[in-house]
Amino acid sequence: MRPHSYKPFHIVLLLGLALMSVVYESAISANRTFEASSQTERGPGPIPPDGLLARPKSLQQIGVPVEATRAAAPSDNPQTPEKIALGEKLFFDGRLSVDGTVACSTCHDPARAFTDGRPVSIGVNGRAGQRNSPTILNALYNVAQFWDGRAKTLEEQAALPIINPSEMGQPSLDAAVARIAAVPEYEQAFRRVFGRAPDGTDLVRAIAAYERTQFSFDSPFDRFTAGDKNAISESAKRGWNLFNTKARCNKCHALTEQTRDPVFFMDKDFHNIGIGILRHNVVAEACKAETEINSGNTIDVDRAAIQSDMSVLGRFLVTKKDSDIASFKTPSLRNVLITAPYFHDGSQATLWDAMDHYNKGDGIKDPWLDEDMQPLALSESEIDDVVAFLASLTSAQYKKAGMKELERQHSISRTSRPQRDTARAFSPKPVQPKPTRNCAATVPEAIPK
């Protein structure tokens, strides 16, 4: 085994991606009733346009879990074409922000698989948050929204960025509604869909309804599991096996560890994987959060997560349980190739960097590190195989973008691997310090790396 040697495997990866179907079904067409009415009224700002990649997705995609998708709509907010059309319009409208420069699509650009390509998102007046923008794709299957699960539903999720000072900056949801209600097309649309004038409840219901149409499957891997054994490369097939065995990815990216999960690629749970915690004094931040943050007030939690160093606490902000310190939601891996950079703080530039982080079992000096984190002893060729598998999860509509992004990341990985530590990857798991926290005592210095 030569852990520092490289194989020209990227040709195989690109060939695997090239097998993607070029067929991308056009989706629900009823949402075009008033598309052009206010395209010129959005105001300045980097707002990605509405377009083909933003359209509601078809249930006819290979691999889509039809029953789970239909069940995702709550009884108090059923899906209708008109409501989805209204939600899509709102999703791309900068008037929901205080100065007209930021829309939902600013952080969730369909061209980037509904992310923004930045380590952390940028809001009004150039304000940077603390978190990487998660994709909207397949968010309808989440049991909780945001990296820390502070919102239970997509309706709750849709409201919070509008009133966060570092995101869309409105002083209240009512203020955003007032701007929308002043537009005749919106006034008429809300009355058609909800039978009344615009209000905050219906506004977020419409956005959530649109977000529930963004389920994305139809990848080479889906074709492979459907029976086409030539849909993915031999490297990707080896990567799928490693994913469920030696690489231990299934510890978090599967509904159960005992059964391979070819659908969701998440366990619907939260984990501390050692990202960011060593750069912060988490003991001090946890003690501060206990006295300053009311976990029962979602707005307080939201502002702490986006605007302060308490963001590093992750799920702890919601539960106040020490076991949740620096734990974050397991994201789905579908279209992960398109959603760089990676992890909740956007700290890893490529899939190879993310794999190097796991391979060396990073964060072992973190007292709250997940017990499943350990050195993996993956060779370079095995890492390449896992990346090949991850690339095969790219949906058909992102075929060209996926091929380009894979080439970009592969090129970077051949010259820059800041997370790679082969010696640690092939060493036994070190002894992990025991968690301890005493807010009454003098707050210790940040944990050294």
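The values are calculated or read from the model by the stated rules, or taken from the named source; none is laboratory data. As the structure is a computational prediction, the values presented were derived from the model and not from experiment. Every residue, glycine among them, receives a Cβ derived from its backbone with ideal geometry; neighbour counts consider all protein chains shown. The area values use the complete protein model at the heavy-atom level, side chains included, leaving out ligands, DNA and RNA. Shrake-Rupley method; radii C 1.70, N 1.55, O 1.52, S 1.80 Å.
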Loop-resident sites, the stretch 299-400, for GluC sites (Glu not before Pro), counting at most 12 other Cβ within 10 Å (DSSP) | E371
List, largest first, the extents of the alpha carbons of the stretch 78-165 along their principal axes, each in whole Å.
-> 36, 27, 25
Find the centroid of the Cα atoms in the stretch 335-384 and in the stretch 409-424, then give the distance between the two in whole Å.
-> 11
Mind checking the dipole of the chain: about its Cα centre, +1 per Lys or Arg Cβ, -1 per Asp or Glu Cβ, Debye to the nearest 20?
-> 880
Taking the dipole about the Cα centre of the chain, with the C-beta of Lys and Arg at +1 and of Asp and Glu at -1, give me whichever of P81, N335, P119 is farthest to the positive side.
-> N335
Please label the shape of the stretch 175-222 as rounded, prolate or oblate, based on the square roots a ≥ b ≥ c of the eigenvalues of the alpha-carbon gyration tensor (a/c under 1.5 means rounded; beyond that, a/b larger than b/c means prolate, else oblate).
-> prolate
Log entry: pair-distance distribution for the stretch 279-373, C-alpha pairs binned every 10 Å from zero, whole % per bin is 15, 43, 32, 10
Which of the residue pairs K268/K360; K57/K89; K89/K399 have a Cα-Cα distance greater than 18 Å in the structure shown?
-> K268/K360; K89/K399
Determine by what factor the alpha-carbon radius of gyration of the stretch 370-424 differs from 2.2 N^0.38 Å, reporting the quotient.
-> 1.36
Per the Kirkwood treatment, what hydrodynamic radius in Å, one decimal, follows for the chain from the mean inverse distance over all distinct Cα pairs?
-> 22.7
Per the 1.4 Å probe, what fraction of the accessible area of the chain, in percent, lies on carbon and sulfur atoms?
-> 54
Enumerate cysteines in the chain without a disulfide-compatible partner, where compatibility requires another Cys Cβ under 4.7 angstrom.
-> C104, C107, C249, C252
Select from Q214, Q374, Q188 the residue whose mean-square fluctuation is largest in a Gaussian network model of the chain (Cα-Cα springs shorter than 10 Å).
-> Q188
Cross-link partners among lysines for K288, C-alpha distance below 23 Å, same-chain residues fewer than 8 apart left out?
-> K320, K321, K329, K365, K434, K449
Rank P430, V312, Q409 by how far each Cα sits towards the positive end of the charge dipole of the stretch 296-449 (+1 on Lys, Arg Cβ; -1 on Asp, Glu Cβ) and give me just the farthest.
-> Q409
Can you give the three extents of the C-alpha atoms in the stretch 357-449 along their principal axes, from longest to shortest, in whole Å?
-> 56, 29, 24
